[in-house]
Amino acid sequence: MEEGISVIMPTFNQAGFIRRAIFSLLAQNYQKWELIIIWLYTELANLSDQY
């Protein structure tokens, strides 16, 4: 059984970089992953709704 990985992305006021990082993760060949974004600003909540 192939195990997945967890990608933990802490961020502080970096909404522009989060989108780029998500696209990079989506482009990977390995598909068994989960993404955990830890942010400190509520403005990023709207961004997370897109994915």
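The values are calculated or read from the model by the stated rules, or taken from the named source; none is laboratory data. Small disclaimer: the values here were computed from a predicted structure and weren't measured. Cβ sites come from the backbone with ideal geometry, for glycine too, and all protein chains shown count toward neighbours.
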Quiz item: Do we have any residue at all in the range 9-25 that's loosely packed, with under 10 Cβ neighbours inside 10 Å and among the aliphatic types (A, V, I, L, M)?
Solution: no
Self-check item: Residue in the range 38-46 that is at pLDDT 85 or above and either in contact with a Leu (Cβ under 8 Å, 6 or more places away or on another chain) or not in a loop (DSSP other than H, G, I, E, B) (or both) present
Solution: yes
Quiz item: In the range 13-35, how many are under 20 Å from E3 (Cα atoms), under 10 Å from the mean Cα position of the chain (by Cα) and of a type in the set (F, W, Y)?
Solution: 0
